[in-house]
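Visitor: Following this message is one structure expressed as structure tokens.
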Amino acid sequence: MSSLVFFNYRGAELRYSFVSHLSDAFERHGINFFLDNHEQRGKDLANLFVRIEESRIALAIFSTRYAESSWCMDELVKMKKCVDKGKLQVIPIFYKIRARDVRGQTGKFGDKFWELAKVSRGDKIKKWKDTLECITGKMGLSLGKKCSEAGFIMEIIKEVKIVLAAIGREGKEHNYVSVLKNKKRKI
């Protein structure tokens, strides 16, 4: 499994601003990442779920318009399933929005969430709510309205590198344990 970082965000709001600067910083720091605009045109959107499964880290970048998109919400549900299996770590990023508004579906985020809920099925709404509660309960990073985006991006880079290093150590420990088990079997 590669050390790919999956970006989950509301494209219409952030693609050509914050996310473009974030992806540029990832490139400069040699961090392998995936953006949906890297996907070949004409492929099924469900292929993005494969990209989530291939990733080790996902950045859930919450913004005021995030909950407009059922696709963003469905990706988040898929991310949670991978987290539950121990295959993915999600870092919530709160972009000019309060974590409690995302967690409780209140404020501008809540307004968009409940508009989407009006045209969605009950079981889907429950999954989205449960997933938002789970993901926002993780240690995340917040950018306030009067903070430096450049500094915030560097903070994200630092945290992603810490997680990647931990994943690398876990992988080495796992490989070492596998080698020991194989040696014991041969003896």
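The values are calculated or read from the model by the stated rules, or taken from the named source; none is laboratory data. This one's a predicted model, so the numbers in the text were calculated from it and none came from an experiment. Positions of Cβ are generated from backbone atoms using ideal geometry, with glycine treated the same way; all protein chains shown enter the neighbour counts. For the accessible areas, the whole protein counts, side chains as well, though only heavy atoms, and no ligand, DNA or RNA atoms are used. Shrake-Rupley method; radii C 1.70, N 1.55, O 1.52, S 1.80 Å.
Visitor: Distance cut-off 27 Å, Cα to Cα: go down the list K118/K145; K129/K158; K85/K146; K80/K158 and report the pairs above it.
Guide: Numbers: K118/K145 29 Å; K129/K158 29 Å; K85/K146 37 Å; K80/K158 23 Å.
Over 27 Å Cα-Cα: K118/K145; K129/K158; K85/K146.
Visitor: Using a 1.4 angstrom probe on heavy atoms only, work out the carbon and sulfur share of the accessible area of the range 21-104 in %. Could the numbers behind the result be given before it?
Guide: Numbers: 1740 of 3890 Å².
Result for the range 21-104: 45 percent of the exposed heavy-atom area is carbon or sulfur.
Visitor: Can you name the helices of the chain, as whole DSSP H runs, whose Cα span along the helix axis is 20 Å or more and whose Kyte-Doolittle mean is not below -1.0?
Guide: 70-84, 122-136, 149-186
Visitor: Which whole number of Å³ per residue matches the convex hull of the alpha-carbon atoms in the chain?
Guide: Working: hull volume 26.0 nm³, N = 187.
Once divided by residue count, the hull of the chain is 139 Å³.
Visitor: Once the Cβ-Cβ distance between K138 and R169 is put in as r, and R0 is 22 Å, what FRET efficiency do you end up with, to the nearest 0.05? Walk me through the numbers on the way to the answer.
Guide: Values: r = 20 Å, r/R0 = 0.89.
Efficiency for this residue pair is about 0.65.
Visitor: Once fully extended, how much extra length lies between A46 and S120, figured as 0.36 nm per residue of separation less the alpha-carbon to alpha-carbon distance?
Guide: 24.8 nm
Visitor: Moving on to the next point. Highest mean first, what order results for 48-56, 123-131, 17-25, 62-70 on Cβ atoms within 10 Å? Let's see the in-between values first.
Guide: Details: 48-56: 18.6, 123-131: 15.4, 17-25: 17.0, 62-70: 21.3.
Sorting 48-56, 123-131, 17-25, 62-70 by mean packing, highest first, produces 62-70, 48-56, 17-25, 123-131.
Visitor: Taking the simple approach of a point 7 Å from Cα along Cα-to-Cβ for both R15 and A150, what is their distance in nm?
Guide: 2.7 nm
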